[in-house]
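The values are calculated or read from the model by the stated rules, or taken from the named source; none is laboratory data. The model shown is predicted, which means the values in this text are computed figures rather than measured ones. Note that each Cβ is placed from the backbone with ideal geometry, even for glycine, and that neighbours are counted across all protein chains shown.
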């Protein structure tokens with residue numbers, strides 16, 4: 001009897017603590033019928049997905065399913081170290097409160113669109129899935145019983161916010177990079193931490209515009225004065241500045257924006273043709289407000305109908321619900337055709353890259369050269385809204401390189417994310433003890 005109880009306890013604990021084993025622990029969409037995936041702070045569409053441990057702020061996930069199957073989706077979260085590898089020293093049973101997985105129960109059906117879709121959305125943490133420790137996490141969305149074959153993966157972070165940062169961004173001090181790169185200096189006040197060896201226990205990571213592939217990590221302090229860590233290096237913490245992102249406004253299928261040459265409507269859907277553009281590597285820098293590579297679905301075509309002020313439908317709650325349905329669920333999808341006018345680059349592939357591609361060079365966003373237009377043509381299938389993107393080639397490490405076609409200029413406005421990780425000697429996981437988002441202003 002004791003042996004049976006012991007085996008039963010073992011299997012129950014294993015079922016609770018087991019977690020998915022994935023090929024990659026990064027942002028990804030693994031089905032072509034899943035579109036418009038967004039994860040951000042609830043109510044703030046242009047934010048990095050960062051939650052504060054023990055607070056009431058939550059994260060919001062939304063995505064569209066275009067195949068019309070109405071699939072039941074489940075989700076779980078995986079704790080990762082500062083390098084985005086799964087933390088092997090603690091189990092889900094230890095860092096999650098509640099259940100190890102939850103079901104995405106909220107969804108709506110598109111209304112009056114040529115392309116039908118279901119929009120799923122999730123707010124977490126919640127009663128089903130909640131975390132108990134800080135650090136890096138990966139959200140995994142999958143069909144039931146298929147957690148090792150994810151539909152969507154998304155990085156997010158949970159911070160303790162017990163340290164403070166001081167930051168500044170300036171031109172690179174290296175003479176050859178002064179016009180093309182940005183250098184970041186910062187300091188960290190760690191009075192809230194009990195550190196014995198800051199160089200071994202505390203490290204920082206900096207991310208530019210949400211691009212994890214070119215992050216700078218394992219940054220250790222240059223000098224230590226009491227509980228203050230100084231990172232004022234010369235020529236070490238630098239990023240290519242890039243240029244302002246190319247804007248794409250397809251928020252209307254009726255009226256053309258300054259980016260759109262023509263909009264055509266067919267029985268099977270819409271086709272949006274953008275004005276041909278040229279590479280900007282040799283063009284002078286021009287400031288233009290952008291979203292730092294992100295995108296936001298938006299519908300300028302919806303018509304607000306008259307609601308009698310004395311009716312129940314005039315209450316704020318119902319009006320907001322009506323507007324949500326009109327704007328979110330009546331958004332169309334459109335094929336978007338982009339043209340980059342330039343001579344052919346033999347042996348070199350060109351991609352459209354941005355937040356809409358998870359900062360990856362995806363096969364469906366690879367452009368092809370067309371002699372008839374004298375340039376490269378790319379096709380995208382996008383939901384109505386505002387998008388940022390750039391043209392990129394592959395660098396020596398297989399990452400997107402924007403400099404070749406877009407150029408760099410030190411005055412470019414960029415968004416940076418500074419993260420502070422603490423792992424005391426003998427600690428089981430990397431605690432995220434501080435996170436700061438900041439921009440560049442010259």
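Which of the residues spanning the stretch 104-140 are on the phi > 0 side of the Ramachandran plot and either assigned to a strand (DSSP E or B) or modelled with pLDDT of 95 or more (or both)?
Across the stretch 104-140, the qualifying residue is only 135.
Might you check whether a residue that is under 20 Å from the mean Cα position of the chain (by Cα), surrounded by 14 or more Cβ atoms within 10 Å (Cβ to Cβ) and either at pLDDT 95 or above or outside the structural domain of residue 33 (by TED's automatic domain parsing) (or both) occurs anywhere in the stretch 87-103?
No, because not a single residue in the stretch 87-103 is under 20 Å from the mean Cα position of the chain (by Cα), surrounded by 14 or more Cβ atoms within 10 Å (Cβ to Cβ) and either at pLDDT 95 or above or outside the structural domain of residue 33 (by TED's automatic domain parsing) (or both).
Within the stretch 71-96, how many residues turn out to be out of contact with any helix residue (DSSP H, G or I) (no Cβ under 9 Å at 6 or more places or on another chain) and more than 22 Å from residue 423 (Cβ to Cβ)?
Qualifying residue count, the stretch 71-96: 5.
Considering the stretch 327-339 alone, what residues qualify as being surrounded by fewer than 20 Cβ atoms within 10 Å (Cβ to Cβ) and assigned to a strand (DSSP E or B)?
335, 337
Looking at the stretch 349-372 only, could you name the residues that are free of Cβ contacts under 8 Å to residues at least 24 places away in the same chain and in a loop (DSSP other than H, G, I, E, B)?
Within the stretch 349-372, 362, 371, 372 qualify.
May I ask you to list pairs of residues, at least six apart or on different chains, whose Cβ atoms are under 7 Å apart, with the first in the stretch 408-435 being free of Cβ contacts under 8 Å to residues at least 24 places away in the same chain and the second being in a strand (DSSP E or B)?
Filtered contacts from the stretch 408-435: no entries.
For the stretch 391-412, how many residues are assigned to a strand (DSSP E or B) and more than 14 Å from residue 211 (Cβ to Cβ)?
Residues in the stretch 391-412 being assigned to a strand (DSSP E or B) and more than 14 Å from residue 211 (Cβ to Cβ): 3 in total.
What strands (runs of 3 or more DSSP E) lie completely within the stretch 214-278 and have 2 or more residues being surrounded by 15 or more Cβ atoms within 10 Å (Cβ to Cβ) and touching a residue at least 40 places away in the same chain (Cβ under 8 Å)?
So the answer is 228-230, 238-240, 246-249, 269-274.
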